[in-house]
Amino acid sequence: MFIRVPKGTQDILPEDISKWYYIEGMIKEILSKYGYKEIRTPFFEYTELFVRGIGESTDIVTKEMFTFPDRKGRSLTLRPEGTAPVVRAYLEDSMGRTSKVIKLFYLGPMFRCEKPQAGRFRQFNQFGIEIIGTKSPAADAEVIITVLAIYKKLGLKNLEILINSVGCKKCRVDYVQKLKKYLTNKKDFLCSECKERYTKNPLRVLDCKKDSCKKIIESAPVITENLCQECKSHFAQVKSCLDDQKIIFRENPRLVRGLDYYTKTAFEIISGGLGAQNAIGGGGRYDDLVEELGGKPTPAVGFAAGIERMIITIDQQKIEWPAEKRLDVFVAKIDKKNNDTAFRLLQKIRNTGFSADMDYSEGSLKSQMRIANKMGVRYTVIVGEEELSKNMVILRNMKTKEQKEVRIDNLINELTS
Ligand code: AMP
């Protein structure tokens, strides 16, 4: 019996890899133009980073982490998200010392032990951006604008931007009291998870997707009506920056995100065609996280997007992928006797900068031509005894199907012309 990939994971096959190169290339190109520098953190971290960073009572920490001990018994966890590791690196490498505001991005796999379904995997890829060191509302707007620029360049349409402010430590305390009071006599009608959330982290009830809870949440007090002056003014400035850039968004006063570190701005970008898992990306401000992880109080804002969901959306919106890059040249040999010459010629062609390949299976010329056709090369160089005796090879233009004998020492010129 074959061993299969673990549940919730998938191979990215050679025929799909060009989609990944294209998206990743576009992300890197735009982010570097916008002044972000890439950071690569380990795929696993000490568990306490996520417990402290994401929040003890979040779904991610309570039930979705892949956690295992190292040989000395210290608890490690496969990273479920990128922000806490980036902040850890920011502190560990004293990045704040060299420049007050740091703009970083990351790209790579994340791991969450969720129930797999369409658009939801246990290993999935995210790209994310973080601006650490500024409380400017313009930075919140920049994060949204930057991500939209990437989506736009990829041709994604019909995306909806939902935005909210979840307040700060000061105003949230009062709001949570109000929310708790509202929920007290409705507690029995909440789902079992929300009953627990009610005690441990009532704000999370707002995030419940179950119909029974959603109904209760509909009439709950909203946080935007309970913001302190500073949070209110910050939110107004973020919205005004977005308005100024003609970015259409919808306010959703019940939007809270699955990670506890958010303060003030929280936002989500959804794509209608994705079905139940409709969030293509989300983010917000996290002004307390740096301090929470042992640093000086340092405001920050960021965003993360799922790459699989971007690919699903591109396919679902029937946006054309760019044509795959084809090789320039295929080297074929008439007889296996000519293997060494063909091999040497192949290296020479590659060394001059052409992309080229040959077939190592010792198949017939016919089967080699089939391979060359499938590869879509521009030229095939055919090496045969008769031509070699004259220091020549056959050069076949695969498009016009014309072929001619060319001198070996003139082959590169012929390929260039
Ligand atoms: P989060 O880190 O939870 O804020 O998620 C940010 C984005 O990552 C989401 O909007 C999704 O696009 C993507 N994402 C999160 N969890 C998964 C998952 N299990 N499978 C695929 N994509 C995911």
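The values are calculated or read from the model by the stated rules, or taken from the named source; none is laboratory data. Computed from a predicted model, the values in this text were never measured in an experiment. Positions of Cβ are generated from backbone atoms using ideal geometry, with glycine treated the same way; all protein chains shown enter the neighbour counts.
Observations on the structure shown:
- Looking across region 233-272 at every residue that is of a type in the set (D, E, K, R) and under 29 Å from ILE60 (Cα atoms), the one that is surrounded by the most Cβ atoms within 10 Å (Cβ to Cβ) is identified as LYS264.
- Scanning region 370-386 for residues that are under 18 Å from PHE343 (Cβ atoms) and out of contact with any Asp or Glu (no Cβ under 6 Å at 6 or more places or on another chain) turns up ALA372, MET375, VAL377, TYR379, THR380, VAL381, ILE382, VAL383, GLY384, GLU385.
- Failed criterion for PHE330 (all others in (1) more than 30 Å from ARG257 (Cα to Cα); (2) in a helix (DSSP H, G or I); (3) hydrophobic (A, V, I, L, M, F, W, C) hold): (2)
- Residue within region 298-310 that is within 12 Å of the ligand (Cβ to nearest atom), within 21 Å of GLY155 (Cα to Cα) and basic (Lys, Arg) present: yes
- The one condition from (1) surrounded by fewer than 20 Cβ atoms within 10 Å (Cβ to Cβ); (2) in contact with a Lys or Arg (Cβ under 6 Å, 6 or more places away or on another chain); (3) closer than 29 Å to ALA141 by Cβ that CYS191 does not meet is (3).
- Residue check for VAL301: touching an Asp or Glu at 6+ places or on another chain (Cβ under 6 Å) and at pLDDT 95 or above: yes
- Boolean, GLY53 is at positive phi and small (Gly, Ala, Ser): no
- Of all residues in region 315-342, none that is without any contact (Cβ under 8 Å) to a residue 40 or more places away in the chain has its Cβ atom under 7 Å from the Cβ atom of a residue that is of a type in the set (Phe, Trp, Tyr) and assigned to a strand (DSSP E or B), 6 or more apart or on another chain.
- Residue check, GLY128 within 11 Å of the ligand (Cβ to nearest atom) and either of a type in the set (Gly, Ala, Ser) or closer than 27 Å to LEU91 by Cα (or both): yes
- Residue ID - farthest from GLU24 (Cα to Cα), chosen from residues in region 102-122 that are out of contact with any Gly (no Cβ under 7 Å at 6 or more places or on another chain) and more than 8 Å from the ligand (Cβ to nearest atom): LYS115
- Screening region 156-239 for helices (runs of 4 or more DSSP H) wholly inside it with 1 or more residues that are over 30 Å from GLY273 (Cα atoms) and not polar (S, T, N, Q) returns the ranges 169-184, 192-200.
- Selection over region 323-349 of residues that are among the basic types (Lys, Arg) and under 17 Å from ASP409 (Cβ atoms) gives a count of 2.
- Residue match in region 152-162 (condition: in contact with a Cys (Cβ under 6 Å, 6 or more places away or on another chain), touching a residue at least 24 places away in the same chain (Cβ under 8 Å) and surrounded by fewer than 18 Cβ atoms within 10 Å (Cβ to Cβ)): no
- Of the residues examined, GLU320 is one that is loosely packed, with under 15 Cβ neighbours inside 10 Å and part of a loop (DSSP other than H, G, I, E, B).
- Considering region 146-170, and only residues there that are of a type in the set (Val, Ile, Thr) and closer than 24 Å to PRO322 by Cα, the residue that is farthest from the ligand (Cβ to nearest atom) turns out to be THR146.
- Which numbered condition GLY306 fails, given (1) surrounded by fewer than 23 Cβ atoms within 10 Å (Cβ to Cβ); (2) under 30 Å from ILE223 (Cα atoms): (1)
- All conditions in (1) closer than 23 Å to LEU293 by Cα; (2) within 20 Å of the chain's Cα centre (by Cα); (3) surrounded by 19 or more Cβ atoms within 10 Å (Cβ to Cβ) hold for CYS171, with the sole exception of (2).
- The criterion of at least 3 residues that are over 19 Å from the mean Cα position of the chain (by Cα) and modelled with pLDDT of 95 or more is met, among strands (runs of 3 or more DSSP E) falling completely within region 36-152, by 67-69, 75-78.
- Selection status of LEU227, more than 16 Å from the ligand (Cβ to nearest atom), over 22 Å from the mean Cα position of the chain (by Cα), crowded, with 18+ Cβ neighbours inside 10 Å and not acidic (Asp, Glu): yes
- In region 284-294 there is no residue that is among the aliphatic types (A, V, I, L, M), near the ligand (Cβ under 9 Å from one of its atoms) and either assigned to a loop (DSSP other than H, G, I, E, B) or in contact with a Ser or Thr (Cβ under 9 Å, 6 or more places away or on another chain) (or both).
- Tally, over region 8-47, of residues that are polar (S, T, N, Q) and either exposed (fewer than 14 other Cβ atoms within 10 Å of the Cβ) or more than 16 Å from the ligand (Cβ to nearest atom) (or both): 3
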